[in-house]
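Chemist: Got a structure for you, questions after.
The values are calculated or read from the model by the stated rules, or taken from the named source; none is laboratory data. If you're wondering where the values come from, they're calculated on a predicted model, not measured in any experiment. Neighbour counts run over all protein chains shown; Cβ positions are idealised from the backbone, glycine included. These accessible areas exclude ligands, DNA and RNA; they are computed on the full protein's heavy atoms, side chains included. Shrake-Rupley method; radii C 1.70, N 1.55, O 1.52, S 1.80 Å.
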Amino acid sequence: MKKISLLSFGIFAALQFVNAQNISSKKWADLFSYNNVLAMKEDNGKIVAATENGIFYYTISTGEITKLSKANGLHDVKISAFDYDPQTKIGLVGYQNGALDIITPQGITYVVDIPIATGYNGSKKINHISITGDKATVSVGYGVSIFDLKKKEFADSVFFINGGVFQASNEATILGNKVFAATNTGLKTHELNTTFPVFTTWTTEMPGNFTNIDSESVLAFSSATETYIYNNGTATPLAQTFGGINDVVVNSNNIIITDGSRIYTYNTNGNFGGTTSVGETCNTATTIGSKVYGGTQLSGVKTDDNIAYKPDGPYFNYAYKIRLFNDNQLLVSTGIRANGYNEPQNNPRNPGFYYFTGSEWIYSSYFIGSTSAFNVIDAFSDPVNPGDIFFTNYVFSSSYGVYKMKYNSTSKDFDFVKRYKMGSDSEYGRRPVGFTADDQNNIFATLAFSGPGSALAFYDRATDDFLVKDLNTSAGIQFPVFSNDLLWIPIPRTVNFLVYDTKKTASFSDDTQYYLDQTNNLPANAVSFAMDKSGDAWIGTEGGIRILPNAATEIKNDPQLESIVIEQGGLAEELFRDATILHIEVDGGNQKWVSVEDGGVYYLSADGEKTIKFFNKDNSPLPTNTVTDIKIDKKTGKVYFVTFDGIVTYQGDVADVTSNFGNVLVYPNPVVYSQFKGNVTIKGLAEKTNIRIVDAAGNLVHSAIARTGYYEWNLNNQKGKRVASGIYFVLMTNEDGSDKATAKIAVVN
């Protein structure tokens, strides 16, 4: 088990964590969607709600909303079950991978040792959790387990095996000293005693296909269309027949039945209380006083007067690529391709793209309820008219093409403007991939499957149309990058890389193309590309990384690409050999963030020979080890990590680095040894900074040269010993001495 302690915790009220280096720290934040509420409980005027990637609680009287996710305490994403006990203030979070988080006022404990029956090879997903006192029932694909909340460990488990076939417990609960389980073959019960783990000793109280169950003062359970109240061995059906029950909740006053968008209430005697709708499909619902609260699939917690409450975030968690523009505005595309960047994987929810204005998330009504298929690979803001958004729709259907939308700030929505079919009537031809713009704000798009190969499209503002040129490449193509007056384009289906020179004219006739292939030491299909601050091209392939120094000049000379060789155990080894490099991003200090397929993210020194940091889903809030895109806000140093399971951010130390100083900041400061034993970071430095650290008497204690926009001092003096308590002055100059900066550091040993 791994444990995180909370400094202050009251129904998740003060989300401050220590020992957070295990998973989370103040440097991390999530950009998850909190729309899809899976389960919720009420505690003295607060609603605690579980969503796909996190927990949030809403204080009814004040409207305050606080969230808890992998970025600040939880250990995983893809929540599948949740319950919370208002008396003990304990919450239990179940995940699709079978793990649990136990949330208590003292901390959060991660439990991964869920019992698995011998011979069971099915899903480990936790279907349902129900807390009663110091015990919880955990329903899984093979049966029911009892979790001891005091000991924080699993107790007895029963494996529902009938004729050699495992049967799932859809939901289960404890009433009195008896466990009740809703299964596909009936309502099953057993006392909590020594024979509990023996399936043959369980009783089928009522045959049938039952999906939901809950209890407090009474017990209620349901099939897809009927709900029953269980009392003294008798199951009595409610008079109402339902269309498709999503959930049954029992609280101290009511039985609440969620049937699609309708919510029905009954008192605990089974008398009908009323029905209401929150205007959309709900997963669950509850009552607080006389008010009904629905846990919706798309709008968070919603009241019966149609007011929604949730943390702000994107509409869904699906994310593939991100664009940063105009001071903290974001565009997030959600599409995906498979089989060598060839076939689209269409999402039935048609997520489209999300837009963050800098203060709130906007989702276009154009995508809601649309019958068209959308697989948006890229969404791009026109640099001339930032409110005009182009997006590529990479699908096998008549909906393919480039679309233009215009943001309407009054309605906070997007108006459809135009669809460009890119000159092809075939739904399989000229599938658009991604955009870039040159330094003259000309927009270019890459097109896959344009006749026998791929193509490049140029946006003609005069005609509001795209001009298309077929390229002498394979049918697959990646996102273009404009750098050094050239377009740099990976070709993922063959061992090729294309560099395209437009000659800065609107005519295709004078353009020049350059190719890299295996003869240039390109090891495998090219996937990603970045140009660093030294003018060196970094090319990510399905077989590692290659570098082309002085790229804009050397590309014209049929060059040889270079690999990065590091020393491992005294032996020379190629960095990332045979690994697929999904993305490379260069920060302001010329260091590189490198995403490896199913391998997490590496933060490398400028030359790539040193790993500064490494993040994966086990040691960080990353939702998955496959990060499809990385972007850096050059003004703040914030790093965005994009995955199919959501977006998280990391506050990096390197903002935009120039020849002069930025906003120089030292942290932590003061440095108290009993509270912090790491390095002191100085950020906001020039590209090359000469550093002298002196004591209060002016004696030199440390000197260094920083080349990355920040510097870490280990608090040692020139002799390698920790400095004494006191005030230290940091004296800094840039490379030519034209700019200076100073800072103070207080050290308490």
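Chemist: How many of the residues in the stretch 436-468 are among the hydrophobic types (A, V, I, L, M, F, W, C) and in contact with a Lys or Arg (Cβ under 9 Å, 6 or more places away or on another chain)?
Modeler: Filtering the stretch 436-468 down to residues among the hydrophobic types (A, V, I, L, M, F, W, C) leaves 437, 443-445, 447-449, 455-458, 462, 466-468.
Those still in the list that are in contact with a Lys or Arg (Cβ under 9 Å, 6 or more places away or on another chain) too: 443, 447-449, 455-458, 468.
Total meeting the criteria: 9.
Chemist: Ok, one more. Would you mind finding the one in SER595, SER563 that is hydroxyl-bearing (Ser, Thr, Tyr), at pLDDT 95 or above and open to solvent by less than 30 Å² (accessible area, probe 1.4 Å)?
Modeler: Only one candidate passes the filter, namely SER595.
Chemist: Would you point out the residue of the stretch 401-421, among those that are farther than 21 Å from GLY434 by Cβ and not in a strand (DSSP E or B), that is most open to solvent (accessible area, probe 1.4 Å)?
Modeler: THR410
Chemist: Something else now. Give ALA524, ALA445, ALA475 a once-over and let me know the one that is under 35 Å from the mean Cα position of the chain (by Cα), modelled with pLDDT of 95 or more and closer than 14 Å to ARG431 by Cβ.
Modeler: Criteria check complete, one pass: ALA445.
Chemist: Residue under question is THR658, and the condition is that it be closer than 21 Å to ALA71 by Cα, in a loop (DSSP other than H, G, I, E, B), polar (S, T, N, Q) and in contact (Cβ under 8 Å) with a residue 24 or more places away in the chain; does it hold?
Modeler: Values: closer than 21 Å to ALA71 by Cα: no; in a loop (DSSP other than H, G, I, E, B): yes; polar (S, T, N, Q): yes; in contact (Cβ under 8 Å) with a residue 24 or more places away in the chain: yes.
No.
Chemist: Since ASN209 meets every condition but one in (1) at pLDDT 95 or above; (2) crowded, with 16+ Cβ neighbours inside 10 Å, which condition does it not meet?
Modeler: The failed condition is (2).
Chemist: Any residue at all in the stretch 156-168 that is in contact with an Asp or Glu (Cβ under 8 Å, 6 or more places away or on another chain) and either assigned to a strand (DSSP E or B) or within 30 Å of THR104 (Cβ to Cβ) (or both)? Spell out how you get there, then give the answer.
Modeler: Quick first cut of the stretch 156-168, residues in contact with an Asp or Glu (Cβ under 8 Å, 6 or more places away or on another chain) only: none.
There is no residue in the stretch 156-168 that is in contact with an Asp or Glu (Cβ under 8 Å, 6 or more places away or on another chain) and either assigned to a strand (DSSP E or B) or within 30 Å of THR104 (Cβ to Cβ) (or both).
Chemist: Here's a check for you: in the stretch 432-477, which residue that is open to solvent by less than 10 Å² (accessible area, probe 1.4 Å), of a type outside the set (A, V, I, L, M, F, W, C) and touching a Pro at 6+ places or on another chain (Cβ under 8 Å) is farthest from SER534 (Cα to Cα)?
Modeler: My answer is GLY476.
Chemist: Just one of (1) over 20 Å from the mean Cα position of the chain (by Cα); (2) among the β-branched types (Val, Ile, Thr); (3) part of a loop (DSSP other than H, G, I, E, B) trips up VAL77, so point out which.
Modeler: Condition (1) is where VAL77 drops out.
Chemist: Tally time: how many residues in the stretch 263-300 are under 26 Å from PHE353 (Cβ atoms) and open to solvent by 20 Å² or more (accessible area, probe 1.4 Å)?
Modeler: Adding up the residues that qualify gives 7.
Chemist: What are the residues in the stretch 616-642 that are open to solvent by 20 Å² or more (accessible area, probe 1.4 Å) and in a strand (DSSP E or B), if any?
Modeler: LYS631, LYS638 - these are the residues of the stretch 616-642 that are open to solvent by 20 Å² or more (accessible area, probe 1.4 Å) and in a strand (DSSP E or B).
Chemist: Applying the selection to the stretch 130-155, what residues are open to solvent by 40 Å² or more (accessible area, probe 1.4 Å), in a strand (DSSP E or B) and either touching an Asp or Glu at 6+ places or on another chain (Cβ under 7 Å) or on the phi > 0 side of the Ramachandran plot (or both)?
Modeler: Those that are open to solvent by 40 Å² or more (accessible area, probe 1.4 Å), in a strand (DSSP E or B) and either touching an Asp or Glu at 6+ places or on another chain (Cβ under 7 Å) or on the phi > 0 side of the Ramachandran plot (or both): LYS135, ALA155.
Chemist: Of all the strands (runs of 3 or more DSSP E) wholly in the stretch 301-367, which have at least 2 residues that are aromatic (Phe, Trp, Tyr) and surrounded by 16 or more Cβ atoms within 10 Å (Cβ to Cβ)?
Modeler: Passing ranges, in order: 353-356, 361-363.
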